[in-house]
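Any read-out appearing in this document is the output of simple, stated calculations on the displayed coordinates, not a laboratory observation. Bear in mind the structure is a predicted one, so any value in this text is a computation, not a measurement. Note that we place each Cβ from the backbone using ideal geometry, even for glycine, and neighbour counts take in every protein chain shown.
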Amino acid sequence: MDSELKAYLARREEVLAKIRRMLVVSLNLRRRPEDIDPDTALFGTGLSIDSIDAVEIIVALEIEFGVKLPDPVERRRALRSVNALVDLVMQQPVSPRGREGAAPSKPHPIRTSCAVTKLDHVHPLRISGPGVLDLLDVATTSRLFVRENQILQTLLLGADGRPFADAFVGLDEDSWLLFAEGPSRPALLEHLQSVRARHAPDADATVTDLRDTHELWGVDGPFAWELVSQLLGPEVLGAPYLSFLTLREVVCVRAGKTGEYGYMLLVPKPRAAEVWAKLLELGAPLDLAQGDLAALDLCALENWHYSIRLTSLFPDELQLRWRIDLAKRFEGAEALKARAAQGVARRVTCFVASGPLEPGAALALNGAEVGTVVAAALSPTRGDWVGWASLDVALAAPGVSALTAQDVTLTTVSPPLIDNRSLFVDPRKHSYRGEQELPPLVSR
């Protein structure tokens, strides 16, 4: 590692430490500063701040670093993640072009309008009974503190501490909804039964597979709200992120993993054909497209949303510690505690690249191996290759530009890698067919 890079990384680590402490103090967080992963999101997932918290951060930035954010567009970009705040303080551009002169092709409609996807890979369950919380508490990694009709993102782990399923859980009156992806349906049901037998044998809970009675679809895009509100009613517009409501017999979950407005629709099978036809009819003026799993995974890659299909690494390597509560007992907790005692050697970091890369490819810095490619894909929105890399912790920071793999040059960057239109679209004054003045999807 040359002296210039070493000095840059040392400076960045110093700023990161100050930002972490600032967040803990400003937001009164009940966690240690070092437990906040660098690419943790600020809004929605991650730290889940609200508008009042955002004001606290803006004030703290000015006091601590003399940084002001008068421009609303720059303010939204800076408040997307912890590393975005570090970038702001460092005042060092970390969004290179990748392939010189590369021109983006047409972005997927998820980025510009909306798309509907049949979520056959997500398994919806209803868990009920007096012991439901006992079962869910040992099956999931998060502290299950939610109000009725709220949901949270969590994980189901194997005994080795690796993710078994990526999940949303939500409280629905006297029962809980679980939306899990990763394993097959039989494997998921068997896992829950196995966890109950080992950790909560007396838990009196009934697991109902909603696939037998419902279909599950996802609607994502900067104008997904426009389509879903026309389909189910204006109440949709008032639903906050990570909440759900039942309208016209359809459970509408305000969640997504694309960086855009996202909704999961749990539709009773007797009404599925009728609702699907109406959805397509209403979506035609919005240029509604049909999505697929590949498009969802690419959006997750661009926006730093965890996809269990992209990697089987541990949560601490994936910067998912915000989903973990090691103060409680759950499947896989002992394995994670042992890893925490040893310390994490590598951490997943986002990158842009000058050409194609294969997962598993070795990454080198000045001839020395320093990591591997976890996932990579060509981004039509950006016009270059994007991905995630598992890097030695000392190098796992944005702004490292001398990495190579398979004769391709990489630069680590702060995610997300695009300026999602959903950040700037306001349902109170925008519509898909109306006049729009929105920033470009990519800032160069």
Counting as exposed only chymotrypsin sites (Phe, Trp or Tyr not before Pro) in DSSP loop states with no more than 14 other Cβ atoms inside 10 Å, the longest exposed-site-free span of the chain is 242-444
Dipole of the chain, positive end: most advanced residue of Leu403, Val373, Pro359 [Cβ charges, Cα centre] | Leu403
Taking the Cα centre of segment 111-297 as origin, work out the dipole magnitude from +1 charges on Lys and Arg Cβ and -1 charges on Asp and Glu Cβ, in debye rounded to 20.
-> 120
Using modelled amide H (1.01 Å from N, peptide plane; none on Pro or chain starts), what sits under 5 Å from the amide H of Phe164, excluding residues fewer than 5 places away?
-> Leu156, Leu157, Gly158
Could you work out, for segment 384-444, what percent of all Cα-Cα pairs fall into each 10 Å distance bin, beginning at 0 Å and stopping at the bin that holds the largest distance?
-> 16, 37, 22, 17, 9
Using the alpha-carbon centroid of each, what span in Å lies between segment 305-370 and segment 417-444?
-> 32
For segment 3-92, the Kirkwood Rh over every pair of distinct alpha carbons, in Å, works out to 13.3
Excluding Thr246 itself, calculate the net charge of residues whose Cβ lies under 13 Å from the Cβ of Thr246, where each Lys or Arg counts +1 and each Asp or Glu counts -1.
-> -1
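How large is the helix-only mean residue ellipticity at 222 nm for the chain, computed as the sum of -39500 (n - 2.57) over DSSP H runs with n ≥ 4, divided by its residue count, in deg cm²/dmol to the nearest 500?
So the helix-based figure for the chain works out to -9000 deg cm²/dmol.
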Expressed as a whole-number percentage, the relative contact order of segment 319-444 with C-alpha contacts under 8 angstrom and at least six residues apart is 23
For the chain, calculate the relative contact order in percent as a whole number, restricting contacts to Cα pairs under 8 Å that are 6 or more residues apart.
-> 19
Got a sec? How would Glu302, Glu173 order by Cβ neighbour count within 10 Å, fewest to most?
-> Glu173, Glu302
Amide H contacts under 5 Å for His123, restricted to residues at least 5 apart in sequence or on another chain and with H modeled in the peptide plane, are Ala180, Glu181
Give the distance, in whole Å, between the Cα centre of segment 111-169 and the Cα centre of segment 389-415.
-> 32
The ³J(HN,Hα) series, computed from each phi in segment 152-157 with the Karplus coefficients 6.51, -1.76 and 1.60 at θ = phi - 60°, rounded to the nearest Hz and given as x for glycine or proline, is 9, 8, 8, 10, 10, 10
Give a residue-ordered list of calculated ³J(HN,Hα) values for segment 172-184 (Karplus: 6.51 cos²θ - 1.76 cosθ + 1.60, θ = phi - 60°; whole Hz; x for Gly, Pro).
-> 10, 6, 8, 10, 10, 9, 10, 10, 10, 10, x, x, 6
Net charge dipole size for segment 1-91 [Lys, Arg +1 and Asp, Glu -1 on Cβ; Debye, nearest 20] | 120
Please state the charge dipole magnitude for the chain, taken about the Cα centre, from unit charges on C-beta atoms (+1 on K and R, -1 on D and E), reported in debye and rounded to the nearest 20.
-> 440
For segment 330-444, shape from the Cα gyration tensor axes a ≥ b ≥ c, cut at a/c of 1.5 then a/b versus b/c, turns out oblate
Would you be so kind as to identify which of Ala159, Val253, Pro268 lies farthest towards the positive end of the dipole of segment 111-297, taking Lys and Arg as +1 and Asp and Glu as -1 on Cβ and the Cα centre as origin?
-> Ala159
Got a sec? How would Asp166, Asp160, Asp212 order by Cβ neighbour count within 10 Å, fewest to most?
-> Asp212, Asp160, Asp166
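Leu227: net charge of surrounding residues, Cβ under 13 Å, Lys/Arg +1, Asp/Glu -1, itself excluded?
-3
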Can you give the net charge of the other residues whose Cβ lies under 11 Å from the Cβ of Val275, counting K and R as +1 and D and E as -1?
-> 0
Once phi is turned into ³J(HN,Hα) by the Karplus curve 6.51 cos²θ - 1.76 cosθ + 1.60 with θ = phi - 60°, what whole-Hz value does each residue of segment 129-135 show in order, with x for glycine and proline?
-> x, x, x, 4, 5, 4, 5
State, to one decimal in nm², a quarter of the convex hull surface area for the C-alpha atoms of segment 111-297, i.e. the direction-averaged projected area.
-> 10.3
Quick one, can you get me the convex hull of the C-alpha atoms of segment 231-363 expressed as volume per residue in Å³?
-> 177
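Please state, to two decimals, what the Cα-based radius of gyration of the chain comes to when divided by 2.2 N^0.38 Å (N = residues).
Working: Rg = 21.7 Å, N = 444, 2.2 N^0.38 = 22.3 Å.
Rounded to two decimals, the normalised Rg is 0.97.
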